[in-house]
Amino acid sequence: MLSQVVEGGVMEEEFLRATRASYDLMAGEFAEWIEGELAVKPLDRAMLRGFAELVRGPVADVGCGSGRITGFLVELGVDAFGIDLSPELVRLCRESYPGLRFEVGSMLDLGLEPGALGGIVAWYSIIHVPQERLAGVFGGFFEALGVGGYLLVAFQVGDSVEHRTRAGSHAVDLEFHHRQPEDVAGLLERAGFEVRARLVREADAGDYPEDSPQAFLLAVRPA
């Protein structure tokens, strides 16, 4: 059973509290460090460009972090907005991208009308979600998408859960869930999605070194 704490008089799962608090602490340092990553990852950009060509209607960048993916999608002509658990990251997003929309929210409850979206991007944001909650997250994504809406998810490949207590100069409390693409695809299909494309690229030893392969899955809510 997932542990819970009281937050403002409401029971909240511990992983949400820990993830929010950690990113609030390191928001500035994280946003500065990650800002140039997409520029040196051509295959990552290719997946986002393909998504941008397919999608119609508003797109939620769920777990938007620094806002760089939201900004990239808008440059591609997508009607995108960002949602993040961390109020401090959302504040920095609004400063960095003043013409774009960013909101504080949780992927466990997007707070959107059913069928309101044409697309969802979860770019390395499901990595902090415990395995037992992931099916519910995908079910919420499915409900928020209209028929023909697309979902693009990115995550690290593996079978481990890594607990980090330091990130840069900050003490944090974060779990990173590495997952197999076929397992994530199975959860998406059980939620009602059709998986349309899968890319697994090897770890990159360049400017943003990685210690595991990276997976990208594109799925659609079918008619």
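The values are calculated or read from the model by the stated rules, or taken from the named source; none is laboratory data. All values reported here derive from a predicted model rather than from experimental measurement. Cβ sites come from the backbone with ideal geometry, for glycine too, and all protein chains shown count toward neighbours.
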Name every residue in region 205-221 that is closer than 28 Å to G146 by Cα and in contact with a Gly (Cβ under 9 Å, 6 or more places away or on another chain), in order of residue number. L218, V220, R221
Within region 106-128, residues out of contact with any Ser or Thr (no Cβ under 9 Å at 6 or more places or on another chain) and closer than 16 Å to Y23 by Cβ come out as S106, L108, A122, W123, Y124, S125, I126, I127
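Let's see how each residue does on (1) of a type in the set (D, E, K, R); (2) more than 14 Å from the chain's Cα centre (by Cα); (3) crowded, with 22+ Cβ neighbours inside 10 Å:
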{"residue": "A31", "(1), (2), (3)": "no, yes, no"}
{"residue": "A39", "(1), (2), (3)": "no, yes, no"}
{"residue": "E53", "(1), (2), (3)": "yes, yes, no"}
{"residue": "G63", "(1), (2), (3)": "no, no, yes"}
{"residue": "E88", "(1), (2), (3)": "yes, yes, no"}
{"residue": "C93", "(1), (2), (3)": "no, yes, yes"}
{"residue": "G99", "(1), (2), (3)": "no, yes, no"}
{"residue": "L110", "(1), (2), (3)": "no, no, no"}
Quick check: anything in region 122-132 among the aliphatic types (A, V, I, L, M), free of Cβ contacts under 8 Å to residues at least 40 places away in the same chain and surrounded by fewer than 23 Cβ atoms within 10 Å (Cβ to Cβ)? no
Unique residue being over 24 Å from E37 (Cα atoms), modelled with pLDDT of 95 or more and not hydrophobic (A, V, I, L, M, F, W, C) when the list is R179, R201, R196: R196
Of the conditions (1) part of a helix (DSSP H, G or I); (2) touching a Phe, Trp or Tyr at 6+ places or on another chain (Cβ under 9 Å), A60 fails just one. Which one is it? (1)
When you scan region 188-207, do you find a residue that is in contact (Cβ under 8 Å) with a residue 24 or more places away in the chain, crowded, with 16+ Cβ neighbours inside 10 Å and charged (D, E, K, R), even just one? yes
Find all pairs meeting these conditions: Cβ atoms under 8 angstrom apart; at least six residues apart or on different chains; first residue within region 71-92 and in a helix (DSSP H, G or I) and modelled with pLDDT of 95 or more; second residue crowded, with 23+ Cβ neighbours inside 10 Å and of a type in the set (A, V, I, L, M). L73/V59; L73/A80; L73/V121; V74/A80
Exactly one of L174, L108, L100, L112 is over 21 Å from F216 (Cβ atoms), without any contact (Cβ under 8 Å) to a residue 40 or more places away in the chain and not acidic (D, E), and that residue is L100
Scan region 133-172 for residues that are of a type in the set (S, T, Y) and either farther than 18 Å from F15 by Cβ or surrounded by 14 or more Cβ atoms within 10 Å (Cβ to Cβ) (or both) and report the count. 2
List every residue pair whose Cβ atoms sit under 7 Å apart, with the two residues 6 or more apart in sequence or on different chains, where the first one lies in region 12-29 and is among the polar types (S, T, N, Q) and the second, anywhere, is crowded, with 19+ Cβ neighbours inside 10 Å and assigned to a helix (DSSP H, G or I). T19/H128
Exactly one of A203, A135, A185 is over 17 Å from L48 (Cα atoms), aliphatic (A, V, I, L, M), outside any strand (DSSP E or B) and touching a Ser or Thr at 6+ places or on another chain (Cβ under 9 Å), and that one is A203
